[in-house]
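Here the structure is laid out as structure tokens; the discussion comes afterwards.
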Amino acid sequence: MWGPFLVMGCVMLVLGGGLLYVQGGYNEVKWDYTDCTCEGTDKNATDYLQTSKASGPCKCTKVVNITEDNNQAKWDRDILLYYGLDNFHQNHRQYADSRDDKQLNGGRHGDPDIPFSDCEDPHNNDNSSGETLPIVPCGSIANSLFNDNVKLFVQKDNSNEWNEVSLLRTGIAMPFDKKRFNNLVEDSQLKKLEGKIAKPINWTKQLWELDPDDPSNNGLENEDLIVWMRVSALANFRKLWRIVDHDDTKHTELKDGLNTAYLYKLEIEYNYDVSSFNGRKKVIIARDNEFGAKNKAMGWIAISAAIFFFSFGFLFSALRRLDQ
């Protein structure tokens with residue numbers, strides 16, 4: 001009986017060691033911008049949101065060194081941008097259940113009504129005429145949608161001129177998840193929902209304004225929304241935000257990846273307040289790879305499983321010897 005445990009222990013040990021070697025060595029750059037200073041002011045971004053938000057959006061910038069503590073040869077395509085949140089408990093049961101999947105997949109096509117009770121109150125909002133309108137999308141998950149914006153700039157050959165790098169807003173959601181989200185009306189007709197639905201309380205945009213430049217990425221089919229609606233199992237997590245468009249003809253020098261001879265700058269439009277849950281925010285630049293983003297946790301989990309199997313294998317082996 002002890003044999004299979006030892007075999008599984010060896011398998012998990014090899015797998016864990018391989019994951020630590022492969023995943024732990026990927027290049028990435030992190031910037032924790034929680035306490036950044038808004039451009040043109042001397043105010044901390046969190047304080048700015050509380051006192052000066054009406055003056056316009058807060059923007060924070062940082063020049064990043066992609067070669068520091070990284071392997072210069074490993075910045076080949078595809079380059080991904082993630083946002084990370086710390087101390088945000090998306091795995092809380094009441095929070096995770098606060099959604100209406102029939103609403104999200106377009107089950108109430110063309111005639112939205114009051115959402116299911118699975119969504120936390122308020123389910124609806126009164127417009128200027130006093131009419132009760134259903135909130136779409138409803139629930140706590142959608143209401144807390146991450147809404148910071150990011151831009152990436154490159155400076156070539158010490159030119160002192162920063163050129164914006166094209167970032168893709170699509171291709172960031174898992175194909176399986178995309179099938180579960182469908183608009184209530186045809187993509188081109190989203191604006192006609194005005195007066196029929198209300199936006200979530202904390203949103204600053206209407207549903208049809210999430211990506212007006214790309215009708216296929218607007219409304220409930222917006223990939224930023226889809227990515228956010230997949231709740232994280234851990235309180236500290238990262239989610240895919242943008243993908244560098246390596247095929248953009250405006251910066252052909254990046255077609256094979258990030259050129260380590262250039263400088264790069266991140267610009268954040270700071271909208272998302274994390275002070276209410278003592279959270280932290282970060283942006284991560286990383287390479288795409290077969291196992292996802294840089295993450296040593298998977299390797300350590302596999303090694304922990306190996307220790308478990310070895311422990312029981314030796315225990316059963318000892319018990320067998322005692323019986324003999």
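The values are calculated or read from the model by the stated rules, or taken from the named source; none is laboratory data. What you are looking at is a predicted structure, and each value in this text was computed from that prediction instead of being measured. Neighbour counts run over all protein chains shown; Cβ positions are idealised from the backbone, glycine included. Ligands, DNA and RNA are stripped out before the accessible areas are found, and what is left, the full protein with its side chains, is counted by its heavy atoms. Shrake-Rupley method; radii C 1.70, N 1.55, O 1.52, S 1.80 Å.
Tabulated data for the structure shown
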item: Cα-based helix-to-principal-axis angle, 2-23 vs the chain, degrees rounded to 10; result: 50 degrees
item: Karplus 3J(HN,Hα) series, Hz, for region 152-166 with 6.51 cos²θ - 1.76 cosθ + 1.60 (x for Gly, Pro); result: 10, 10, 10, 10, 9, 6, 6, 7, 6, 10, 8, 10, 6, 8, 5
item: Dipole magnitude of the chain, debye to nearest 20 (Cβ charges: Lys/Arg +1, Asp/Glu -1, about Cα centre); result: 1040 debye
item: Amide proton proximity set for Asn149, modelled H, under 5 Å, gap of 5+; result: Glu269, Asn271
item: Theoretical FRET efficiency, 1/(1+(r/R0)^6), r = Cβ-Cβ of Ala261 and Gln206, R0 56 Å, to 0.05; result: 0.80
item: Per-pair calculated FRET efficiency, R0 = 22 Å: Glu269 and Asp42 via Cβ, rounded to 0.05; result: 0.75
item: C-alpha center-to-center spacing [region 40-100, region 240-271] in angstrom; result: 16 Å
item: Accessible carbon and sulfur surface of the chain relative to its total accessible area, %, 1.4 Å; result: 51 percent
item: Accessible area in square angstrom per residue, the chain, 1.4 angstrom probe; result: 53 Å²
item: Calculated P(r) of region 186-234 - Cα pairs past 11 Å, %; result: 69 percent
item: Reported label for calculated mean projected area of the Cα convex hull in nm² given [x] 19.0; [y] 23.2; [z] 22.1; result: [z]
item: Mean ellipticity per residue at 222 nm, deg cm²/dmol - from DSSP H runs of n ≥ 4 across the chain, formula -39500 (n - 2.57); result: -7000 deg cm²/dmol
item: Student exercise, region 170-212 dipole from Lys, Arg, Asp, Glu Cβ charges, in Debye to nearest 20; result: 140 debye
item: Dipole magnitude of region 132-280 about its Cα centre (Cβ charges: Lys, Arg +1; Asp, Glu -1), debye to nearest 20; result: 640 debye
item: Lysines whose Cα lies under 24 Å from that of Lys205, excluding same-chain neighbours fewer than 8 positions away; result: Lys53, Lys59, Lys102, Lys151, Lys178, Lys179, Lys191, Lys192, Lys196, Lys239, Lys281, Lys282
